[in-house]
Amino acid sequence: MLLLAIETSCDDTATAVVRDGCGVLASVATNQDAFHAKYGGIVPEIASRRHVALLSAAVEDALERAQLNFADIDGIAVTRGPGLIGSLVVGVAAAKAYAFALQKPLYAVNHLHGHVFAPFLDRPQAPPYPLLALLVSGGHSQLVAVESATQMRILGRTHDDAAGEAYDKTARLIGLPYPGGPALDALAQRGDPRAIAFPRHRPPGDSLDLSFSGLKTSVRYFLESEAGRSAAREDVAASFQAAVVDQLMSRLKAAYERASYNAVVLSGGVAANSALQSSFRAWAQSNGIAAFIPPPKYCTDNAAMIAAAAHYQGEAVHADPLTLTADPNLPFELPTCHPEERAQRASRRAASRRRRLS
Ligand code: KG4
Ligand code: ZN
């Protein structure tokens, strides 16, 4: 199955053509950073206007790179949510139009489910369920038990800043340009992670929740203190990074101890972080755990991962091009749908397709 995928949940206008959920024939991501940099963060109105300007060209570019035409595509996959409403609406409206005009099935995917499947792009292996996934991005940070392509449960999450948000805000405090995550990561590699003892958040009881706002605030207080004014920026960056990685790894290890998993997954923009990757790999290797991390181009937002999720979730995310709406607060868990009900829906759709074609 060849899917054309569209992802516009935030500030990247991304498109892709993917075969059978893993063979990426083309993945196009037009970066909007230059338009947001001077504001120090993403401006939603600018993001949605850039999506309008760029999306059709990004779709044509993906098809051209894959050396295919619209007629070769078997379906359209699109991010339905969560994300910025103005941005999501542009992608969803375009996907509905393509699906309706081409009379091809439409799949409406949860952006975070895309991150779960990103590590399985460009490799022949299907996800070996059950998986334990640590999703860390600019908007979300959560631990997820993935029982199957459609059964996923959040085990713990942040109730304040996401890990990527903490990176971006702390980078700004240190004086690094937007987007701060990669710049802070690079700076931290030249610093001493033990130089400053920033606090590690501990959730109450046996909770697996995360929190980064206290850490960000202590970096701010430290930078305003006398010691902070003379501290090397490299050391501040490395010590902040060590606190983030410690917190994420301690929650991941605790979650892993509580159930049986075939593999662990690290995904989302912050999964590109060098220190997090090496701690994750070292822990998995020393415990004989199969570990999956996407290459950097699939850690951050991309449309190929949306095609992968659509491929694995199939019927459960099949949508009607005439009624689908974007949902900025799309719940993480898919509504449960009985297999029999799914089969009935599939046969009703096949019948209506036959009627349209006759
Ligand atoms: O998944 P993503 O592309 O977008 C969201 O869905 O949010 O994640 C973007 C986030 C940004 O906050 C960015 O600073 C962070 O991922 N990021 C990193 C690194 N590369 C990207 N954070 C830490 N280290 C990195 N190397
Ligand atoms: Zn994302």
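Below, the figures for the structure above:
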{"read-out": "Summed side-chain charge close to residue 328 - residues other than residue 328 whose Cβ falls under 15 Å, Lys, Arg +1, Asp, Glu -1", "value": "-3"}
{"read-out": "Carbon + sulfur, % of accessible area of segment 90-243 - ligands and nucleic acids excluded, 1.4 Å", "value": "52"}
{"read-out": "Whole-Hz ³J(HN,Hα) from phi, Karplus 6.51 cos²θ - 1.76 cosθ + 1.60, for segment 109-123, glycine and proline x", "value": "10, 7, 3, 5, 5, x, 4, 4, 8, 3, x, 9, 7, 6, 8"}
{"read-out": "log10 of Debye I(q)/I(0), alpha-carbon scatterers only, for segment 166-271 at 0.11, 0.12, 0.20, 0.22 Å⁻¹", "value": "-0.37, -0.44, -1.03, -1.18"}
{"read-out": "Cα-based shape type of segment 31-169, given that a ≥ b ≥ c are square roots of the gyration tensor eigenvalues and the cut on a/c is 1.5", "value": "oblate"}
{"read-out": "Estimated dipole of segment 1-90 in Debye, rounded to 20 [Cβ of Lys and Arg +1, of Asp and Glu -1, Cα centre]", "value": "220"}
{"read-out": "Accessible area per residue in Å² at 1.4 Å probe, computed on segment 55-101", "value": "42"}
{"read-out": "Accessible area of segment 133-221 divided out per residue, in Å², using a probe of 1.4 angstrom", "value": "45"}
{"read-out": "3J(HN,Hα) from dihedral phi, segment 38-54, Karplus parametrisation 6.51/-1.76/1.60, rounded to Hz, x for glycine, proline", "value": "5, 9, x, x, 7, 9, x, 5, 5, 4, 5, 5, 5, 4, 4, 5, 9"}
{"read-out": "Which of 167, 236, 17, positive extreme of dipole for the chain (C-beta unit charges)", "value": "17"}
{"read-out": "Euclidean distance between Cα centres, segment 1-54 to segment 248-268, Å", "value": "29"}
{"read-out": "Net charge, residue 305 excluded, C-beta distance under 15 Å - Lys, Arg +1, Asp, Glu -1", "value": "-1"}
{"read-out": "Among 31, 329, 287: highest mean-square fluctuation, GNM of the chain, C-alpha pairs under 10 Å", "value": "287"}
{"read-out": "Interchain or long-range residues, amide H under 5 Å from residue 26's placed H", "value": "17"}
{"read-out": "Partner lysines for residue 96 [C-alpha distance under 25 Å; skip if fewer than 8 residues away on the same chain]", "value": "104"}
{"read-out": "Pairwise centroid distance, computed over Cα atoms, of segment 182-220 with segment 99-140, Å", "value": "28"}
{"read-out": "Cα-projected label distance for residue 260 with residue 354, points at 7 Å along beta-carbon direction, nm", "value": "4.4"}
{"read-out": "Scaled radius of gyration (Cα, divided by 2.2 N^0.38 Å) that the chain gives", "value": "1.02"}
{"read-out": "Placed amide H near residue 319: partners under 5 Å, 5+ positions off or other chain", "value": "106, 107, 108"}
{"read-out": "FRET efficiency for residue 336 and residue 197, using Cβ-Cβ distance with R0 set to 41 Å, rounded to 0.05", "value": "0.35"}
{"read-out": "Cα pair count fraction exceeding 14 Å, expressed as % - segment 21-68", "value": "58"}
{"read-out": "Karplus (6.51, -1.76, 1.60) ³J(HN,Hα), θ = phi - 60°, over segment 223-240, in Hz, Gly and Pro reported as x", "value": "5, 7, 7, 5, 4, x, 5, 9, 6, 6, 4, 4, 5, 4, 4, 5, 6, 4"}
{"read-out": "Cross-link partners of residue 38 among lysines (Cα-Cα below 23 Å; sequence separation of 8 or more within a chain)", "value": "169, 216"}
{"read-out": "Rel. contact order, % - alpha carbon contacts under 8 angstrom, at least six apart, segment 1-114", "value": "31"}
{"read-out": "Assigned charges on the beta-carbon of Lys, Arg, Asp, Glu; segment 66-159 dipole about Cα centre (debye)", "value": "240"}
{"read-out": "Using a Förster distance of 41 Å, the FRET efficiency for residue 57-residue 281 (Cβ separation, nearest 0.05)", "value": "0.60"}
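The values are calculated or read from the model by the stated rules, or taken from the named source; none is laboratory data. All of these numbers come straight from a predicted model, not from anything done at the bench. Here Cβ is always computed from backbone atoms with ideal geometry, including for glycine, and neighbour counts include all displayed protein chains. Each accessible area value is taken on the protein alone, full model and side chains, heavy atoms only, with ligands, DNA and RNA left out. Shrake-Rupley method; radii C 1.70, N 1.55, O 1.52, S 1.80 Å.
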